[in-house]
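The values are calculated or read from the model by the stated rules, or taken from the named source; none is laboratory data. Owing to the predicted nature of the structure, the values given are computational and were not obtained by experimental measurement. Note that we place each Cβ from the backbone using ideal geometry, even for glycine, and neighbour counts take in every protein chain shown. For the accessible areas, the whole protein counts, side chains as well, though only heavy atoms, and no ligand, DNA or RNA atoms are used. Shrake-Rupley method; radii C 1.70, N 1.55, O 1.52, S 1.80 Å.
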Amino acid sequence: MSVAVENFVKAIYKHKHQDNLDTKPGTIAKKLGISNAAATDMSRKLAEKGLLEYEKYQELQLTDAGTKIALNVVRKHRLWEAFLFKLFDMTLHDIHREAELLEHQTSDLLAEKISAYLGHPKFDPHGDPIPNAQGQITTEDTSIPLSEAKEGVSYTISRLLSDDKEFFEFCAQNHITYRNTLTVTKQFVKNRMTQISISSNTIVLNEDFTKIIYVDEN
């Protein structure tokens, strides 16, 4: 399967199941940095191959075969992130960038070797679930965005939904890391801001951040 096809089906999967964005060809085109015409052409070709369902002006829907390919790529990507983070202590932005390249060059055999070496992790360093070798996500997601968290309650950071370098730099500088704990001290509902206490520091975050930082109540 070509890199272009793998990236296309992965983008559809992530938009629907992770980012809660629509999966129309134009939206996928923007995500991948390609023209709308190229995305439409790819959609038609993959529909002919039975990897997705395409209907003009409608959202794209992956078939079972398309979903299997997408989850296989996602698995390899997240395993590489876990591997690079453990061995080299690379930043979250850097492991994402390198995994984007490595995911397409990795055989199923190597992916399973990496998984075994890491002890078959269920989550990557961002908190994203890692599909198993059968293309299944076996973990239950009970997390909520920080914007919906309750005042006076302690939480564990369970997921950082971003690939932005500056976001990860800010998080690293302020100890906002996967599995660290925080307490919500104030929700400024009108101004859409959240004040938290974390690692002996008090920080106020705007909604751009609190919508992509997910937490579980302790």
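Relative contact order for segment 100-218: 28 percent, from Cα pairs under 8 Å spaced at least 6 residues apart, divided by residue count.
Summarise the accessible area of the chain (1.4 Å probe, protein heavy atoms) by the percent that is carbon and sulfur.
On the chain, the fraction of accessible area on carbon and sulfur atoms equals 49 percent.
The average projected area of segment 87-198, computed from the convex hull of its Cα atoms over all directions, is 8.3 nm². For the residue pairs Lys49/Lys86; Lys14/Lys56; Lys68/Lys165, the alpha carbons lie more than 31 Å apart in Lys49/Lys86.
Rounded to the nearest 10 square angstrom, Glu98 shows an accessible area of 60 square angstrom against a 1.4 Å probe. The residues of the chain have, on average, 55 Å² of accessible surface per residue, using a 1.4 Å probe with all protein chains present.
Modelled label positions at Lys68 and Thr202, each set 7 Å beyond Cα in the direction of Cβ, lie 5.6 nm from each other.
If you average the sequence gap of Cα pairs under 8 Å that are 6 or more apart and divide by the length of segment 1-102, what percent do you get for the contact order? It would help to have the intermediate numbers written out before the result.
Working: 101 pairs, mean separation 23.7, N = 102.
Relative contact order comes out at 23 percent.
Of Ile196, Ile212, the order by accessible heavy-atom surface (1.4 Å probe, DNA, RNA and ligands excluded), from most exposed downward, is Ile212, Ile196. For segment 66-149, relative contact order (Cα pairs under 8 Å, six or more residues apart, normalised by length) works out to 36 percent. Between Asn132 and His175, the simple spin-label model (points 7 angstrom out along Cα→Cβ) gives 3.6 nm. For the set Thr194, Thr181, Thr139, solvent exposure ranked by accessible area (probe 1.4 Å, protein chains only) runs largest to smallest as Thr181, Thr139, Thr194.
With every protein chain in place and a 1.4 angstrom probe, the accessible-area ranking of Asp64, Asp94, Asp163, largest first, reads Asp64, Asp163, Asp94.
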